[in-house]
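Engineer: Would you mind keeping the following structure in view while I ask a few things?
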Amino acid sequence: MNVGPMTFHELYSRYAEDVYRFAHWLSGNPEVARDITSETFVRAWTAPEEPRMETVKAYLFAIARNLYRKQWRRDSRKETLDETMADQRPTPDQAMVQNEEYARTIEAMKALPEIDRTVLLLRAEEDLSYQDIAAATGLSIAAVKVKVFRARAKLAALLKPKMGEKV
């Protein structure tokens, strides 16, 4: 930035306190305000465009504000980590049980007749209405309701632990 005969030191001496006050007012943090002030003058001095002398202060404030907003957007995406928060991932034992339950459920679903699997999946997984399922399968709405009810009952019976089986 070439502002006539003014040197960087003169520019900084003349406007640094104003830019710092503005950045401190925006951020409420003296360290952040110092960083914004420094970066503002670096960007102003290395900018390819040359502001008119009467707008230098406004130009510096615009840079400081943009830097603050950029910092705020970056910081707003960060979350404070709660050190006491438990790890939400399943333990290896839990993962094994979940995988076994999933495999067992898939096998039970395969044991259902195709039309039962279809209506059950359309209702439970796709969250379709009985009317939409009827339209998709060519069944009446009453038949779909009965099929879904019976498919759920069959699946529950297939998944119920047998006598002597571990739960």
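The values are calculated or read from the model by the stated rules, or taken from the named source; none is laboratory data. Quick caveat: nothing in here was measured; it's all calculated off a predicted structure. Note: areas computed on protein heavy atoms with side chains; ligands, DNA, RNA excluded. Shrake-Rupley method; radii C 1.70, N 1.55, O 1.52, S 1.80 Å.
Engineer: Assuming a ≥ b ≥ c are the square roots of the Cα gyration tensor eigenvalues, decide whether the stretch 63-154 counts as rounded (a/c under 1.5), prolate (otherwise, with a/b larger than b/c) or oblate.
Structural biologist: The shape class here is oblate.
Engineer: Kindly write out, for the stretch 108-113 in residue order, the coupling ³J(HN,Hα) from the Karplus curve 6.51 cos²θ - 1.76 cosθ + 1.60 (θ = phi - 60°), rounded to whole Hz, with x marking Gly and Pro.
Structural biologist: After applying 6.51 cos²θ - 1.76 cosθ + 1.60, I find 5, 5, 5, 6, 6, x Hz.
Engineer: Could you work out how much longer the chain between K57 and A124 gets when fully extended? Use 0.36 nm per residue separation minus the Cα distance between them, nm to one decimal.
Structural biologist: In short, 17.9 nm is gained.
Engineer: Oh, and also: Under the Karplus relation 6.51 cos²θ - 1.76 cosθ + 1.60, θ = phi - 60°, what is the ordered set of whole-Hz ³J(HN,Hα) values for the stretch 98-104, x standing for Gly and Pro?
Structural biologist: 4, 5, 5, 5, 5, 4, 5
Engineer: Quick one: with all protein chains in place, what share of the accessible area of the chain is carbon or sulfur, to the nearest percent (1.4 Å probe)?
Structural biologist: Here it works out to 55 percent.
Engineer: OK, next. Rounding to the nearest 10 and keeping the result within 0 to 90°, find how far the Cα-based axis of helix 30-46 lies from the longest principal axis of the chain.
Structural biologist: Relative to the chain, helix 30-46 is tipped by roughly 70 degrees.
Engineer: So how much slack lies between M96 and K145, counting 0.36 nm per residue of separation and subtracting their Cα-Cα distance, in nm?
Structural biologist: 14.2 nm
Engineer: A follow-up question, please. I need the fraction of alpha carbon pairs in the chain separated by more than 22 Å, rounded to a whole percent.
Structural biologist: Distances greater than 22 Å cover 67 percent of the Cα pairs.
Engineer: Cα axis of helix 8-27 to longest principal axis of the chain: angle in degrees, 0 to 90, nearest 10?
Structural biologist: Orientation of helix 8-27: about 40 degrees from the principal axis.
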